[in-house]
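Notes to accompany the following structure.
The values are calculated or read from the model by the stated rules, or taken from the named source; none is laboratory data. All values derive from a computational prediction rather than experimental measurement. Note: ideal-geometry Cβ built from the backbone for every residue, glycine included; neighbour counts use all protein chains shown. Heads up: the accessible areas ignore ligands, DNA and RNA and are worked out on the full protein's heavy atoms, side chains in. Shrake-Rupley method; radii C 1.70, N 1.55, O 1.52, S 1.80 Å.
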Amino acid sequence: MFDSDSNCQISTEEISIWMMRHGKLMTPQEIEHRISSSDKNNDGVIDRDEFVQIVTKKILLSQLVENNYA
């Protein structure tokens with residue numbers, strides 16, 4: 001979905017392309033901020049483990065909201 005070149009990393013370019021395809025325009029600075037806020041090893045991309053952490057956090061927060069815990 002995000003990883004268009006199947007290298008198990010999501011780059012700023014891949015995020016930008018995905019966002020444009022879904023009608024969400026972001027500046028390069030906004031994309032850099034999104035990556036840096038989740039890039040735990042500071043390599044400039046979102047790797048598989050970091051992506052799993054992002055998705056897991058979103059799922060857990062969604063479940064908390066659904067169950068009125070948040």
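Listed by first and then second residue, the pairs linking a residue in region 24-35 that is over 15 Å from Ile46 (Cα atoms) to a residue that is part of a helix (DSSP H, G or I), with Cβ atoms under 6 Å apart and 6 or more places separating them unless they lie on different chains, are Met26/Met19.
What are the residues in region 44-53 that are under 15 Å from Glu13 (Cβ atoms) and open to solvent by 30 Å² or more (accessible area, probe 1.4 Å), if any?
Result: Gly44, single match.
So is Arg21 open to solvent by 50 Å² or more (accessible area, probe 1.4 Å) and modelled with pLDDT under 90 or not?
On the way: open to solvent by 50 Å² or more (accessible area, probe 1.4 Å): yes; modelled with pLDDT under 90: no.
It is false that Arg21 is open to solvent by 50 Å² or more (accessible area, probe 1.4 Å) and modelled with pLDDT under 90.
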